[in-house]
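K.L.:
My structure is below; once you've seen it, I'll send some questions.
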Amino acid sequence: MTDMTTQQRMKIKRHEMPNQDQVVRRGNYTEVALGYSEETAKAEAERCLQCKDPKCISGCPVGVMIPQFIKALREGDMVKAVEWMKVKNNLPAICGRVCPQEVQCEGNCILGKKGEAVAIGRLERFVGDYELAHRTCPLVKAADTGKKIAVVGSGPAGLTCAVDLAREGHKVTLYESLHGPGGVLVYGIPEFRLPKAVVHGEISYAVDCLCIDLKTDHVIGRSFTLDELLAENDAVFLGTGAGLPSFMRIPGINLNGVMSANEFLTRVNLMKAYQFPDYDTPVRIGKKVAVIGAGNVAMDAVRCSKRLLSLQTGQGEAPGEAHIVYRRSKDEVPARKEEVHHAEEEGVIFNFLTNPVEIIGNEKGAVTGLKCIKMQLGEPDKSGRRQPVPVEGSEFVMEVDTVIMALGTNPNPIVFVDAEGLDRTKHGTAVADTETGRTKKKRVWAGGDVVTGAATVISAMGAGKRAAADMNAFLKGERTWE
Amino acid sequence: MYRIMKKEVLSDVVKLMEIEAPHVARKAQAGQFVIVRIDEFGERIPLTIADFNREAGTITIIFQELGKSTIQLGKLNVGDTISSFAGPLGHPTEVKNYGTVVCMGGGVGVAPIYPIARALKEAGNTVISIIGARNKELLFWEEKMRAVSDELVVCTDDGSHGRKSLVTEPLKELLENRDKKVSHVWAIGPAVMMKFVTLTTKPYDVPTTVSLNTIMIDGTGMCGGCRVLLEDGAQFVCVDGPEFNGHKVNWDSLLSRLSFYKDEEKKAMEHYAHKCRLESAAAKGEK
């Protein structure tokens, strides 16, 4: 089939990926998107036009060699497809599941101009899953350089940086403050969107192949300071993410039943509260949940809520309600389209142009309601989005048991303790060069959410990758610090 | 994995363990805490550091068996391991020479007050300590506390040992006694005890530091579950504390938040007891 003409290729329709039934999946935590079969993956790969000047690559923050891996895939050479993939991306099974492809590779695909883009993300996932199952391409560590590196944080940025540097032959120690590696991939993103077996598979494989020394339970800034790491290592990378939650400044935020999305998702995902009491950590949400915000984290929280509500409902009982409360309109929703679509399918109720003004509680200090005001769209603001303005006299109370705030997060300040010279912006993010990741402190690089504030998994991976390249050049004496 | 190096039974429900955790011991200071997770299924529980040995690389924890996790922890023995042990977390106690200080420990709170009293004594303070428990059986570390205090008052609720009173009574007498010139009070214990200590010191305007032990998950500022309402807004116990100016704490909000998961705690206990019964029945069956 690989001798098709461009016209023939353009006539093939984009292949849908099968999903778990939208009613059944409300009551379980297993993965929603089921992935392509080999046959479908090959058929979808046939759609790629193999552009001479592939725009998809420039849309990818880590520059995955997309036409190359797709070509190998459609020729049936999976080993080669994995090899092409791993030139730039060490964690394809993860990226294929969580990247916002519509604004990256697929957003740039030439086919998307008139019709539908090649489903690059789904193909990436297919290749990643094949590799997880078959292990065709062991990561190889280059000869020992004698250089030591500390990577702080084992989320997407730190993990990518650690793997790239270890492949170059440097001795890498990877520090994680929680009890297991993965950062937001394990505490934030739910099982039904990114199975933890996939995350652990990708991480343990890389850590074992490349002899990375993984140290969990190590809180840098407390167990060791940055300066202590610098004394022991030739270079340090900070990929500590943006884990500090924000709360709205409205009355009632300390009532029982008000949680940050971080607390809720950590209980559910990292601590497996959906399996309480087999796992020790509980989560209590009552019968009606309001999630404030409409980003990817809000979608994760509301879809987790929907599942918990179903799981705790007895036969014949109504399963409760999970709401999104968002002050702007549907057009401004920042979450990935697929997440919003899945949430709608699962029965999440969206309340647009609705802004909370107060959380109401009872005499026991528990949440009973969320007082909101209706909004309307006014003039565009600095972000170019139309500014929501309150409609006078439109206050009303939603009866809810739980309020989850998904309003964005800021970098955790602990890593900056005793780290003189590591400059921070007024938003608490580390000051670092966007191209190289160099901070204002010598021999310290940073990347991912700790620099940008809350963003995406893949942009953090891109930052980890760029920093690793610069660190490698510095360690090999090809570049100086000044 | 972190090995239990020593275990002491301080009372029926209070146990001491020394855990091998050099990465925590190297920096641990009085006033800080650790997060402990027993096994793969375990929750992350915060425990205040009762003592540390930098040379041996060990941390001493003391805990009262109150719920599923602490009861399970109490069943472990020397040589057993626990899955996670992270720290030292939170800010250490601000140790300097205040003059005369009062260090108060209620119940299991005697454990974390000990290193604070010791550090304050070493910094040149006159240390008056008041420790208390419901009864004699629940009291521990009386001699250790005496060794680091200029004066020690021991109370029990039922009068089975020391003075029959709440810890706030001798405190009030000290504050009344102008010769003593108490310049700072530390109180660690159940939330209700700390609340009443701050109510006692308030009229005398004596600065009072309390160490809060709230519901927590990560212990590093990530979840915000530990947030406490102060006069000037909410703060996180894990990264802003665990010590706070007790006069600014909204105790009613704190007590209400502490009780939020009571039903689940009960359910976890029942589930655990059931599992233990099944296991012991199975073990008997094998014999």
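The values are calculated or read from the model by the stated rules, or taken from the named source; none is laboratory data. Not measured: the values here are computed from a predicted model. So basically every Cβ, Gly included, is an ideal-geometry build from the backbone, and we count neighbours across all protein chains shown. Please note that ligands, DNA and RNA were not included when accessible areas were found on the heavy atoms of the full protein model with its side chains. Shrake-Rupley method; radii C 1.70, N 1.55, O 1.52, S 1.80 Å.
K.L.:
Please specify each residue of the range A:62-81 satisfying the condition of being touching a His at 6+ places or on another chain (Cβ under 9 Å) and either at positive phi or surrounded by fewer than 18 Cβ atoms within 10 Å (Cβ to Cβ) (or both).
P.N.:
Within the range A:62-81, just A:V79 meets the criteria.
K.L.:
Looking at the range A:392-414 only, could you name the residues that are open to solvent by 50 Å² or more (accessible area, probe 1.4 Å) and farther than 30 Å from B:G87 by Cα?
P.N.:
Those that are open to solvent by 50 Å² or more (accessible area, probe 1.4 Å) and farther than 30 Å from B:G87 by Cα: A:E392, A:G393, A:E395, A:F396, A:V397, A:E399, A:D401.
K.L.:
How do the pairs read when you match residues in the range A:26-46 that are within 10 Å of A:H15 (Cβ to Cβ) and part of a loop (DSSP other than H, G, I, E, B) with residues anywhere that are open to solvent by less than 10 Å² (accessible area, probe 1.4 Å) and among the acidic types (D, E), using Cβ under 9 Å and keeping only pairs 6 or more apart or on different chains?
P.N.:
Pairs that qualify, where the first residue is within 10 Å of A:H15 (Cβ to Cβ) and part of a loop (DSSP other than H, G, I, E, B) and the partner is open to solvent by less than 10 Å² (accessible area, probe 1.4 Å) and among the acidic types (D, E), are A:Y36/A:E44.
K.L.:
Would it be correct to say that A:R193 is without any contact (Cβ under 8 Å) to a residue 24 or more places away in the chain, of a type in the set (D, E, K, R) and surrounded by fewer than 24 Cβ atoms within 10 Å (Cβ to Cβ)?
P.N.:
Against the criterion (without any contact (Cβ under 8 Å) to a residue 24 or more places away in the chain, of a type in the set (D, E, K, R) and surrounded by fewer than 24 Cβ atoms within 10 Å (Cβ to Cβ)), A:R193 does not qualify.
K.L.:
If a residue has to be open to solvent by 20 Å² or more (accessible area, probe 1.4 Å), more than 22 Å from A:N410 (Cα to Cα) and β-branched (V, I, T) to count, how many in the range B:210-262 make the cut?
P.N.:
Of the residues in the range B:210-262, 0 are open to solvent by 20 Å² or more (accessible area, probe 1.4 Å), more than 22 Å from A:N410 (Cα to Cα) and β-branched (V, I, T).
K.L.:
What do you reckon, is B:V102 surrounded by 18 or more Cβ atoms within 10 Å (Cβ to Cβ) and part of a helix (DSSP H, G or I)?
P.N.:
It is false that B:V102 is surrounded by 18 or more Cβ atoms within 10 Å (Cβ to Cβ) and part of a helix (DSSP H, G or I).
K.L.:
Which condition number in (1) in contact with a Phe, Trp or Tyr (Cβ under 8 Å, 6 or more places away or on another chain); (2) open to solvent by less than 20 Å² (accessible area, probe 1.4 Å); (3) away from chain A (no Cβ under 12 Å) is the one that B:T201 fails?
P.N.:
So B:T201 meets the others, but not (1).
K.L.:
Sticking with this one: Would you confirm whether any residue within the range A:123-130 is free of Cβ contacts under 8 Å to residues at least 40 places away in the same chain, closer than 24 Å to A:M299 by Cβ, outside any loop (DSSP other than H, G, I, E, B) and touching a Gly at 6+ places or on another chain (Cβ under 8 Å)?
P.N.:
no
K.L.:
Might you check whether a residue that is open to solvent by less than 10 Å² (accessible area, probe 1.4 Å), more than 14 Å from chain B (Cβ to nearest Cβ) and touching a Lys or Arg at 6+ places or on another chain (Cβ under 9 Å) occurs anywhere in the range A:207-219?
P.N.:
Scanning the range A:207-219, I find at least one residue that is open to solvent by less than 10 Å² (accessible area, probe 1.4 Å), more than 14 Å from chain B (Cβ to nearest Cβ) and touching a Lys or Arg at 6+ places or on another chain (Cβ under 9 Å), so the answer is yes.
K.L.:
Regarding the range A:232-251, can at least one residue be identified that is assigned to a helix (DSSP H, G or I), open to solvent by 30 Å² or more (accessible area, probe 1.4 Å) and either touching an Asp or Glu at 6+ places or on another chain (Cβ under 7 Å) or at pLDDT 95 or above (or both)?
P.N.:
For the range A:232-251, residues assigned to a helix (DSSP H, G or I), open to solvent by 30 Å² or more (accessible area, probe 1.4 Å) and either touching an Asp or Glu at 6+ places or on another chain (Cβ under 7 Å) or at pLDDT 95 or above (or both): present.
For (1) among the acidic types (D, E); (2) within 30 Å of B:Y98 (Cα to Cα); (3) at the interface with another protein chain (Cβ under 8 Å from one of its Cβ atoms), each residue gets a yes or a no:
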residue	(1), (2), (3)
B:N213	no, yes, no
B:M222	no, no, yes
B:K262	no, no, no
B:E279	yes, no, no
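K.L.:
Also, I was wondering about something else. Considering only residues of the range B:273-287 that are part of a helix (DSSP H, G or I) and charged (D, E, K, R), which is surrounded by the most Cβ atoms within 10 Å (Cβ to Cβ)?
P.N.:
The selected residue is B:K275.
K.L.:
What number of residues within the range A:82-96 satisfy the criterion of being open to solvent by 10 Å² or more (accessible area, probe 1.4 Å) and either of a type in the set (A, V, I, L, M) or touching a strand residue (DSSP E or B) at 6+ places or on another chain (Cβ under 7 Å) (or both)?
P.N.:
1
K.L.:
I've got another one for you. Within the range B:38-71, can you find the residues that are among the β-branched types (V, I, T) and within 14 Å of chain A (Cβ to nearest Cβ)?
P.N.:
B:I38, B:I45, B:I49, B:I59, B:T70, B:I71
K.L.:
Are any residues in the range A:302-334 open to solvent by 10 Å² or more (accessible area, probe 1.4 Å) and either of a type in the set (A, V, I, L, M, F, W, C) or touching a Gly at 6+ places or on another chain (Cβ under 6 Å) (or both), and if so, which ones?
P.N.:
Of everything in the range A:302-334, those that are open to solvent by 10 Å² or more (accessible area, probe 1.4 Å) and either of a type in the set (A, V, I, L, M, F, W, C) or touching a Gly at 6+ places or on another chain (Cβ under 6 Å) (or both) turn out to be A:L308, A:S310, A:L311, A:A318, A:V333, A:P334.
K.L.:
Which residue, of A:P380, A:P277, is at pLDDT below 95, farther than 19 Å from A:V403 by Cα and within 14 Å of another protein chain (Cβ to nearest Cβ)?
P.N.:
Within the list A:P380, A:P277, the selection yields A:P277.
K.L.:
Output the number of the condition that B:S253 fails; it satisfies all remaining conditions of (1) in contact with a strand residue (DSSP E or B) (Cβ under 7 Å, 6 or more places away or on another chain); (2) polar (S, T, N, Q); (3) away from every other protein chain (no Cβ under 11 Å).
P.N.:
Only one criterion is unmet by B:S253, namely (3).
K.L.:
Could you list, in sequence order, all residues of the range A:287-301 that are in a loop (DSSP other than H, G, I, E, B) and either open to solvent by less than 30 Å² (accessible area, probe 1.4 Å) or closer than 17 Å to A:F247 by Cα (or both)?
P.N.:
Listed by number, the residues that qualify are A:G293, A:A294, A:G295.
K.L.:
While we're looking at this one, here's another question. Could you tell me whether any residue of the range A:135-146 is under 16 Å from the mean Cα position of the chain (by Cα) and surrounded by 16 or more Cβ atoms within 10 Å (Cβ to Cβ)?
P.N.:
Within the range A:135-146 (the criterion being under 16 Å from the mean Cα position of the chain (by Cα) and surrounded by 16 or more Cβ atoms within 10 Å (Cβ to Cβ)), the answer is no, since none of the residues qualifies.
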